[in-house]
Amino acid sequence: MLKTRTTRPGWAPSAPGNHLYLDMAPVLPATLGALRSSEFTSARVGRSVKDELRENLIARLRARAGVKSEDAPLFPGIVGYEDTVIPQLVNAVLSRHNFILLGLRGQAKSRILRALTTLLDPYIPAVAGSEVRDNPYAPISKFSRDLIARLGDETPIVWLTPEDRYVEKLATPDVTVADLIGDVDPIKAARSNQDLGSELTMHYGLLPRANRGIFAINELPDLAGKIQVALFNIMQEGDVQIKGYPVRLLLDLAIVFSANPEDYTARGKIVTPLKDRIGSEIRTHYPENVEEGIRITAQEAWTERASAKTKSAIEIPRYVRQVVEQIAFSAREDKKVDKRSGVSQRLPITTMELVVSNAERRALLHGEDLAVARVGDIYAALPGITGKIELEYEGEVRGADTVVREIIRAAVAHVFDLYFAETKTQQIEQWFNLGGTVQLNDAQASAGSLAELKQIQGLFEKLTSLEIDEKSRPEIAVSAAEFLLEGMYAHKRLSRTEERSFSAGERKQRIEDAARNSERMREREAERDDQARSRTRRGFN
């Protein structure tokens with residue numbers, strides 16, 4: 001909340017032309033008299049919140065006419081909804097609807113609601129000291145009316161920013177009517193010698209305090225039924241009643257909600273009369289393809305960590321980004337994962353951060369100035385994955401770690417085919433079949449791992465699709481080579497231990513095991529034949 005100032009450092013709600021009123025006065029009025037003589041007229045200040053959102057959205061759409069949505073997104077930071085959710089959101093705002101976002105966890109519902117503040121005016125005036133942020137031209141509270149009657153043009157004015165005008169509440173079963181609407185404050189009544197039914201004795205809840213702004217309720221079904229009923233009058237008539245007293249406040253609010261569709265049966269439900277008063281129901285979704293997921297993860301994950309203290313740069317190969325994102329897509333399709341709960345987009349974000357951290361740790365341990373993420377680092381990120389998926393009964397029986405490792409292996413196989421589907425790896429397999437083994441772990445520096453990998457005949461010739469050559473740095477070359485070996489392991493052409501030691505493929509090992517078993521069986525049969533002949537000779541004697 002601002003008193004008076006000429007500019008707002010750091011505030012850039014949108015580009016010029018996105019708001020209807022951006023040509024603000026050089027000095028914001030500090031009193032009601034100054035406000036009346038300024039360009040902040042009664043008509044301009046008296047617009048409803050929904051009209052304000054609508055007019056500023058129209059101005060923003062006109063400014064973006066003929067411009068691709070990718071070049072100038074309507075809501076910066078919202079990725080993958082340009083052709084699905086955003087058009088429905090625009091229609092809801094243009095229709096002046098209260099709306100609800102329905103979607104599984106990790107689908108940017110809260111971010112979309114908070115992005116609505118970019119459609120609010122940079123600042124609006126309010127009566128100083130008013131709990132309900134009264135419009136100076138048309139106050140609704142007795143406090144402000146009495147103050148203006150007493151001070152007139154000298155009534156002090158404060159200025160509200162878009163952040164001040166956004167109020168968010170996470171719905172929980174213990175939320176009460178007093179929390180949202182308000183209650184009578186007997187202490188205030190005793191101190192001011194006012195009757196309990198006086199408006200001046202009321203302690204207002206979140207909704208009245210959000211007057212002239214946006215009020216968002218997350219996870220709406222978690223609200224008790226009687227609390228949802230208390231919202232009826234506000235959404236239909238725009239007023240509140242407290243404790244049965246004739247206190248009526250004609251609130252100006254844009255009320256928006258978010259909910260998880262699973263909540264309708266898991267924890268609660270949205271009562272039908274309230275649902276009927278919600279103008280638009282907008283369904284969100286997960287990224288439709290891996291590329292959209294990569295854009296979201298690159299935007300949200302904390303990966304830019306280079307500093308003077310660490311003295312190491314960080315590089316994330318594209319195939320690592322693809323594998324991390326493919327994990328989420330594979331998990332959403334896996335039968336052992338509960339699809340009703342969903343797989344949050346936070347999974348690849350936290351996984352990527354852990355992958356980078358493991359690469360950073362390895363570089364620091366060996367004094368390397370370049371930390372390159374590897375596919376093997378994804379297995380070190382298991383703690384960031386297991387906690388973000390809910391398993392079906394079959395998955396619970398097998399265990400979260402086992403299920404996640406299988407999902408990672410499937411993701412690696414999928415991305416491997418994008419690069420090496422036509423690559424012949426028989427020469428590499430033959431090297432391992434002849435008894436060759438190689439171990440890649442964090443205990444060895446990249447230069448040492450590279451020297452060990454160069455023993456594998458034909459390995460680096462197969463990495464041209466990853467743009468690896470003799471000039472590539474050891475950290476980058478080792479990462480690419482490990483990706484190839486991990487892909488061969490995912491397709492069961494090689495075997496790998498938990499210590500990350502690669503050896504001959506499972507098929508080769510099965511053949512060798514079968515041969516050894518056959519040899520042992522022949523030896524046992526020969527021993528039984530010898531024993532039988534020995535007993536026969538003793539019998540004739």
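Overview of results
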| read-out | value |
| --- | --- |
| Qualifying positions in segment 19-77 - modelled with pLDDT of 90 or more and basic (Lys, Arg) | 36, 44, 47, 50, 54, 60, 62 |
| Segment 89-105 residues that are under 15 Å from residue 55 (Cβ atoms), paired with ones that are among the basic types (Lys, Arg) (beta carbon under 7 Å, 6 or more apart) | 93/54; 94/54; 96/50; 96/54 |
| Which numbered condition residue 325 misses (of (1) modelled with pLDDT under 95; (2) in contact with a Ser or Thr (Cβ under 7 Å, 6 or more places away or on another chain)) | (1) |
| Unmet criterion (only one of (1) surrounded by fewer than 19 Cβ atoms within 10 Å (Cβ to Cβ); (2) modelled with pLDDT under 95) for residue 95 | (2) |
| Options 59, 43; residue that is outside the structural domain of residue 344 (by TED's automatic domain parsing), in contact (Cβ under 8 Å) with a residue 40 or more places away in the chain and more than 27 Å from the chain's Cα centre (by Cα) | 59 |
| Single residue of segment 243-266 satisfying the filter (closer than 18 Å to residue 343 by Cα and crowded, with 22+ Cβ neighbours inside 10 Å) that is modelled with the lowest pLDDT | 260 |
| Residue check, residue 43 hydrophobic (A, V, I, L, M, F, W, C) and either assigned to a strand (DSSP E or B) or farther than 22 Å from residue 285 by Cβ (or both) | yes |
| Which numbered condition residue 204 fails, given (1) crowded, with 16+ Cβ neighbours inside 10 Å; (2) touching a helix residue (DSSP H, G or I) at 6+ places or on another chain (Cβ under 9 Å); (3) in contact (Cβ under 8 Å) with a residue 24 or more places away in the chain | (2) |
| Some residue of segment 204-216 being in the same structural domain as residue 270 (by TED's automatic domain parsing), of a type in the set (A, V, I, L, M) and within 23 Å of residue 41 (Cα to Cα) | yes |
| Single match in 468, 456 (criterion: closer than 12 Å to residue 425 by Cα, out of contact with any Asp or Glu (no Cβ under 8 Å at 6 or more places or on another chain) and surrounded by 14 or more Cβ atoms within 10 Å (Cβ to Cβ)) | 456 |
| Odd one out for residue 86 among (1) over 29 Å from residue 208 (Cβ atoms); (2) in contact (Cβ under 8 Å) with a residue 24 or more places away in the chain; (3) β-branched (Val, Ile, Thr) | (2) |
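Quick grid of which residues meet (1) without any contact (Cβ under 8 Å) to a residue 24 or more places away in the chain; (2) buried (at least 18 other Cβ atoms within 10 Å of the Cβ); (3) among the polar types (S, T, N, Q):
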site	(1), (2), (3)
419	no, yes, no
423	no, no, yes
426	yes, no, yes
429	no, yes, no
435	no, no, no
440	no, yes, no
447	no, no, no
450	no, yes, no
473	no, no, no
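To keep it simple, each residue is scored yes or no on (1) under 24 Å from residue 252 (Cβ atoms); (2) not in a helix (DSSP H, G or I).
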site: 60; (1), (2): yes, no
site: 67; (1), (2): no, yes
site: 79; (1), (2): no, yes
site: 83; (1), (2): no, yes
site: 86; (1), (2): no, no
site: 91; (1), (2): yes, no
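Condition check ((1) over 17 Å from residue 324 (Cα atoms); (2) surrounded by fewer than 17 Cβ atoms within 10 Å (Cβ to Cβ); (3) at pLDDT 90 or above) across all residues:
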position: 351; (1), (2), (3): no, no, yes
position: 369; (1), (2), (3): yes, yes, yes
position: 374; (1), (2), (3): no, no, yes
position: 386; (1), (2), (3): no, yes, yes
position: 395; (1), (2), (3): yes, no, no
position: 404; (1), (2), (3): no, no, yes
position: 411; (1), (2), (3): no, no, yes
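The values are calculated or read from the model by the stated rules, or taken from the named source; none is laboratory data. Note that the structure is predicted; figures quoted are calculated from it, not measured. Heads up, the Cβs are rebuilt from the backbone with ideal geometry, glycines too, and the neighbour counts pull from every protein chain shown.
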